[in-house]
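Heads up: the structure comes next, in structure tokens.
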């Protein structure tokens, strides 16, 4: 019997029947689990690819609409049938209701700097933003493998930037013209005598040239071998060379006549303009020369370029002009103008991304005006005229490019916002030493103005001594936003900001705080002589000055506007927009 049992066991060991069935039964669960895992992994891979594509699209669209980045991102997700998407910030708890998806939108700055590690080129929160990072997280969809691998998270990230740029400027634009005054002042700045008429100035005001074509012409005129526009801007050019370059690229016949008159006026070759203080091209300056309008479609006014060149060439210098009786309503005008060097690192015209700043130069003006009476006390006692010395000090005006948006990616949809504020201005009725005008490291000492000092009857029996003083400060430290669209840019539209505390004319504001010191002395044989009271003299002088506020205001306006500044105002123009396409960078 024992032998029979052993035989049976031996037969069982040798038996092969049912092996496949057994192996199949044992391996079937493993095969099913592997297949389920493969199906789920394949599904997750496709889902992750889809999520990354949507994230990329959202980042690209948001970078092109950075002012409304959150809304742009949600729009992309909604258009791609991604429901239950929740916009979160960094402080939002990680846990969300099942089925909801998280999107984190972060704005910052991206710098394409090869010296910086790739993952450090995007800085969240850096201002002003030029890039957007979108992080999308959701629960992955699994069909079979939850029990084996649990829930799977899908997290995708994309960084995109749209380096949109704008060309813009700050300064002042002439609205009314006085040909004689402009010839005297511009001629003084250029060290020559000018004979342009009002039509010539209107032609210069109405004509533009392309910025890069102008610099290309400068390169040729200077015989430079520079390869890029920034290399050209490292050179110096005489005012004459600048005028020649303008004449080369100008296409307006009337402006060409005016430029030829300027070129024939024998401007000293010693007047040099450091081009880096003249025009700032930003990143566009890295382009090779010869691009012209294809490199940057931005036009600049010829009159602005001429005035800026004259002002920069005269940095730290002083111009004295005697206009005599050339200003209607005034008996005589003498003025001294001093223009400081442009603020270090800033120009009046620049091309750049949001954050770029342009500034005017600091300016000082001494104006001595003689005004006359129309009879009465002014003529009989005050000698028929009153001397009015004014001193004006203007800090730089500033404009900062706040945002450049191209919603469709094309310049036709461009919207540019510029924050601008006028320079703080201070005006005195008083006398200064003209030699102190050009020393910008310290403010001139302002003494009470000697308005009247005379002996009206010539017998040393009556002397009249009238001194006056007044001071007004005009400033607005809060920037004001100006918005330009493509129509504004094409129309050469200039928009202005002004101080909110200048509610009346400039001269009237000054006279409202006027204090007068009248000294009338009767000497010797003054018996029977009519001697007015101090009050009567003050009334006569205030009345006289109040009647000439308009011509004095007009004089100040024209003089300061020509050198690129205004009291209590700043003019801003956007010259062109370069809508960089949104691109993925990380």
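Scanning the range 406-428 for residues that are more than 15 Å from residue 349 (Cα to Cα) and surrounded by 20 or more Cβ atoms within 10 Å (Cβ to Cβ) yields 406, 414, 416, 421, 422, 423, 425, 427, 428. Output the number of residues of the range 220-229 satisfying the condition of being surrounded by fewer than 22 Cβ atoms within 10 Å (Cβ to Cβ) and part of a helix (DSSP H, G or I). Residues flagged as surrounded by fewer than 22 Cβ atoms within 10 Å (Cβ to Cβ) and part of a helix (DSSP H, G or I) within the range 220-229 amount to 3. Checked against (1) under 25 Å from residue 489 (Cβ atoms); (2) crowded, with 20+ Cβ neighbours inside 10 Å; (3) under 25 Å from the mean Cα position of the chain (by Cα), residue 217 passes all but a single condition, namely (3).
Can you find a residue that is under 30 Å from residue 570 (Cβ atoms) and at pLDDT 80 or above anywhere in the range 517-536? No, the range 517-536 has no match at all. Is it fair to say residue 301 is outside the structural domain of residue 576 (by TED's automatic domain parsing), over 24 Å from residue 171 (Cα atoms) and surrounded by 16 or more Cβ atoms within 10 Å (Cβ to Cβ)? In short, no. Can you find a residue in the range 338-347 that is in contact with a helix residue (DSSP H, G or I) (Cβ under 6 Å, 6 or more places away or on another chain), surrounded by 15 or more Cβ atoms within 10 Å (Cβ to Cβ), at pLDDT below 80 and not in a loop (DSSP other than H, G, I, E, B)? No: the range 338-347 contains no residue that is in contact with a helix residue (DSSP H, G or I) (Cβ under 6 Å, 6 or more places away or on another chain), surrounded by 15 or more Cβ atoms within 10 Å (Cβ to Cβ), at pLDDT below 80 and not in a loop (DSSP other than H, G, I, E, B). If you check 392, 381, 404, 388 for being closer than 23 Å to residue 127 by Cα and either touching a strand residue (DSSP E or B) at 6+ places or on another chain (Cβ under 7 Å) or modelled with pLDDT of 80 or more (or both), only one passes: 404.
A single entry from 269, 326, 290 fulfils the requirement of being in a loop (DSSP other than H, G, I, E, B), modelled with pLDDT under 85 and surrounded by fewer than 17 Cβ atoms within 10 Å (Cβ to Cβ): 326. Restricting the range 302-320 to residues that are at pLDDT 90 or above and touching a helix residue (DSSP H, G or I) at 6+ places or on another chain (Cβ under 7 Å) leaves a set whose member that is farthest from residue 207 (Cα to Cα) is 309. In the range 468-494, the residues that are on the phi > 0 side of the Ramachandran plot and in the same structural domain as residue 388 (by TED's automatic domain parsing) form Cβ pairs under 8 Å with partners that are modelled with pLDDT of 90 or more and part of a strand (DSSP E or B), at six or more places apart or across chains, as follows: 492/208; 492/299; 492/301; 492/573. Being modelled with pLDDT of 80 or more, touching a strand residue (DSSP E or B) at 6+ places or on another chain (Cβ under 6 Å), under 30 Å from residue 165 (Cα atoms) and not in a helix (DSSP H, G or I) is not true of residue 116.
Among the residues in the range 476-495, are any within 30 Å of residue 385 (Cα to Cα) and modelled with pLDDT of 75 or more? No, that holds for no residue.
Restricting 292, 355 to those that are touching a strand residue (DSSP E or B) at 6+ places or on another chain (Cβ under 8 Å), outside the structural domain of residue 212 (by TED's automatic domain parsing) and at positive phi reduces the list to 355. Examine the range 127-141 for a residue that is exposed (fewer than 14 other Cβ atoms within 10 Å of the Cβ), at pLDDT 85 or above and either part of a loop (DSSP other than H, G, I, E, B) or not assigned by TED's automatic domain parsing to the domain that holds residue 299 (or both), and state whether such a residue exists. Within the range 127-141 (the criterion being exposed (fewer than 14 other Cβ atoms within 10 Å of the Cβ), at pLDDT 85 or above and either part of a loop (DSSP other than H, G, I, E, B) or not assigned by TED's automatic domain parsing to the domain that holds residue 299 (or both)), the answer is no, since none of the residues qualifies.
Listed here are the residues, each with its yes/no results for (1) part of a helix (DSSP H, G or I); (2) at pLDDT 85 or above.
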| residue | (1), (2) |
| --- | --- |
| 159 | no, yes |
| 167 | no, yes |
| 177 | no, no |
| 187 | yes, yes |
| 194 | no, yes |
| 203 | yes, yes |
| 209 | no, yes |
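Of everything in the range 230-266 that is more than 25 Å from the chain's Cα centre (by Cα) and in a loop (DSSP other than H, G, I, E, B), the residue that is farthest from residue 205 (Cα to Cα) is 266.
The values are calculated or read from the model by the stated rules, or taken from the named source; none is laboratory data. Just so it is clear, the structure is predicted and the values come from calculations on it, not from any experiment. Because the Cβ atoms are built from the backbone with ideal geometry, glycine has one as well, and the counts that use them run over all protein chains shown.
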